[in-house]
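Student: Pasting a structure here, questions to come.
The values are calculated or read from the model by the stated rules, or taken from the named source; none is laboratory data. In this text, all values refer to a predicted model and were calculated from it rather than measured experimentally. A quick note on method: Cβ atoms are made from the backbone with ideal geometry, for glycine too, and the neighbour counts reach across all protein chains shown.
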Amino acid sequence: MLDRTAEIIASTAEAEGPAAPASAPKRRRFGAILRWVRSSWQFFVRQSFSSLTRRIVILNLAGLVALVTGVLYLSQFRAGLIDARVQSLLVQSEIIAGAIAASATADNDTITIDPDRLLELQAGQSYGPTDDALSSVEFPINPERVAPVLRRLVSPTKTRARIYDRDGVLILDSRNLYGRGDVLRFDLPAPNAEKPGLMERAFIALRRWFGHGDLPLYKELGPENGKGYPEVRQALDGLHASMVRVNSRGEVIVSVAVPIQRFRAVRGVLMLSTQGADIDDMVEAERLAIVKVFLVAAGVMVVLSILLAGTIAGPVRRLADGAERVRRRIRARVEIPDFTRRRDEIGHLSGALREMTNALYTRIEAIESFAADVAHELRNPLTSLRSAVETLPLAKTDESRKRLLAVIEHDVKRLDRLITDISDASRLDAELQRQEASPVDLVKLLDALVRGANEVRNENVAVTLSFEGAKPDEFKVPGHDSRLGQVVSNLVDNARSFSPPGGTVRVNCRKLKNEVEITVDDDGPGIPPDALQKIFERFYTDRPDQGFGQNSGLGLSISKQIVEAHGGSVWAENRTAPAAAGVEPKVLGARFIVRLPAK
């Protein structure tokens, strides 16, 4: 609607052109205001009425609507009002009937004498007001005297009063106040009177449905058919009766009938009934009050729902935008919004996404660094191999060709070693994530590794194994036995390679409080202080006594990666002997320490 209004105003301003120079700036200004309102409204709808916000508002309102509908449908106000109205009409009708019986009968009591009875009298007999005579005494209701009394008594109550005689014939009706013998005139509807429309019929049907639809239909009977009303028939028998009906418009009609008695003789019936919309107006007023309360509660609920959804939908939208930026890599490193100060699910979600993103960036950086290191390490043997291959055709002697072929063979073996270690390192993370951790018995694992190492002769360097701190069945850690065995094998092979002939590599497993510690000691020259951290880097090697390219430098890096994947840590240090003051301590060898969380 705002879009259409702005377009109309803009087109009108353009069509008028210079013909209305004074009003054109106002129209343009008004059009700009409308466009601003339109954009503001669209922004508000987009930001506030998200899918989650709409769901929260609709669900909260649905519960409130169900509650109010149940209150309107099951409310006892209508039934209580009808009962109170019946009792009120009964009291009013008794009062009015008493007044009519006392003052609105015939002017004087008359005794009717039968002349035939007088002729039949014998000598000494008399004819007086015996029981038979008294039975012929009549006190008919005088309409002329009833009308003023009825008008005065009924008018304040806003009810309809009808008086029927003992034959059920209508004597007086407060609506018309006509008497017997009068010419009655009923206004008939016009020939072209419109029937109730669809909306009105729907409203009537809804009203009858809310009225439970179990009340009989009220029909207006003719003046001669008073006994057609059940309450009138019961009142002619001397009883008080009441009926509740609904008319054709669904309005409640309450009517009561009481006998008009004089000397215990029923002379007629007084019937009081409510007007068509009397009770329904009060019921609808009460329901309107409930609807007003509902509207106020709904407004408050909508505002609170929007505020609640704002604390959920807004942060979720920001987290989703941050995740989208991470996916697109708009910047080198994208920060996920921090909602960890919130002590709810949004805060937990924010923390989890931030940790996941940091782990993802760390993994990406590690892969990039790994790829760069791999490219650098592969370039050296490839360059050497290329030079040897290009030089081979130019070699003139057999000795030169043999040296070139030896270089080519050495570089090929180095490439094979590098590719094998790189392949192992590249699939390590995926393998550890894919396999389920299980309890690993370090006693069996280390015993098998040490026995296997002692069976392989390596310059007569022996390997020993010891356990301390707990029983043999308590040395268990969760993890992957093959990968943990690879760690220990790498450390043992590294220690044996640095140990002198006849030396010993000592493997010790010790149980700590919540960890298991594995140490591997050798009798080698130790590790330079500046290399204690570098030795765990990829492709780092420091073996002066070995030729170049004899080691890939990935063994310790892979070992550290495996240990950290198991939640542990690994480091290296030198074993030293106690020294005198002012003398450098003597290095006895290197020590590698691995700590893993115990099961």
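Student: Looking at segment 471-490, can you tell me whether even one residue there is over 50 Å from the mean Cα position of the chain (by Cα), in the same structural domain as ALA572 (by TED's automatic domain parsing), closer than 19 Å to THR541 by Cβ and surrounded by 19 or more Cβ atoms within 10 Å (Cβ to Cβ)?
Tutor: Yes.
Student: Name the pairs whose Cβ atoms lie under 7 Å apart, with the first residue in segment 152-177 and more than 25 Å from ALA265 (Cα to Cα), the second part of a strand (DSSP E or B) and modelled with pLDDT of 85 or more, and 6 or more positions between them or separate chains?
Tutor: THR159/LEU272; THR159/SER273; THR159/THR274; ARG175/ARG160
Student: Among the residues that make up segment 507-525, is at least one of them part of a strand (DSSP E or B), free of Cβ contacts under 8 Å to residues at least 60 places away in the same chain, of a type in the set (S, T, N, Q) and under 18 Å from ILE593 (Cβ atoms)? Before you say what the answer is, go through the steps one by one.
Tutor: Taking segment 507-525 and keeping what is part of a strand (DSSP E or B), we get 507-511, 515-521.
Within this subset, residues satisfying the condition of being free of Cβ contacts under 8 Å to residues at least 60 places away in the same chain are 508, 510.
Going one step further and asking which of them are of a type in the set (S, T, N, Q), we end up with 508.
Applying the additional criterion that residues be under 18 Å from ILE593 (Cβ atoms) yields 508.
Within segment 507-525, one or more residues are part of a strand (DSSP E or B), free of Cβ contacts under 8 Å to residues at least 60 places away in the same chain, of a type in the set (S, T, N, Q) and under 18 Å from ILE593 (Cβ atoms).
Student: Here are some conditions: (1) in contact with a helix residue (DSSP H, G or I) (Cβ under 6 Å, 6 or more places away or on another chain); (2) outside any strand (DSSP E or B). GLU284 meets all but one. Which one does it not meet?
Tutor: Single failed check for GLU284: (1).
Student: Could you count how many residues in segment 267-281 are touching a helix residue (DSSP H, G or I) at 6+ places or on another chain (Cβ under 9 Å) and assigned to a helix (DSSP H, G or I)?
Tutor: Residues in segment 267-281 being touching a helix residue (DSSP H, G or I) at 6+ places or on another chain (Cβ under 9 Å) and assigned to a helix (DSSP H, G or I): 3 in total.
Student: Of the conditions (1) at pLDDT 85 or above; (2) over 14 Å from ILE535 (Cβ atoms); (3) part of a strand (DSSP E or B), VAL587 fails just one. Which one is it?
Tutor: (1)
Student: What single numbered condition from (1) surrounded by fewer than 19 Cβ atoms within 10 Å (Cβ to Cβ); (2) within 30 Å of ALA99 (Cβ to Cβ); (3) touching a residue at least 60 places away in the same chain (Cβ under 8 Å); (4) not charged (D, E, K, R) fails to hold for VAL302?
Tutor: (2)
Student: Of everything in segment 491-532 that's among the acidic types (Asp, Glu) and surrounded by fewer than 19 Cβ atoms within 10 Å (Cβ to Cβ), which residue is nearest to LEU442 (Cα to Cα)?
Tutor: Narrowing segment 491-532 to residues among the acidic types (Asp, Glu): 493, 515, 517, 521-523, 530.
Right, trim to surrounded by fewer than 19 Cβ atoms within 10 Å (Cβ to Cβ) and you get 493, 515, 517, 530.
Values: ASP493: 18, GLU515: 12, GLU517: 11, ASP530: 32 Å.
Looking at the filtered set, the residue picked out is GLU517.
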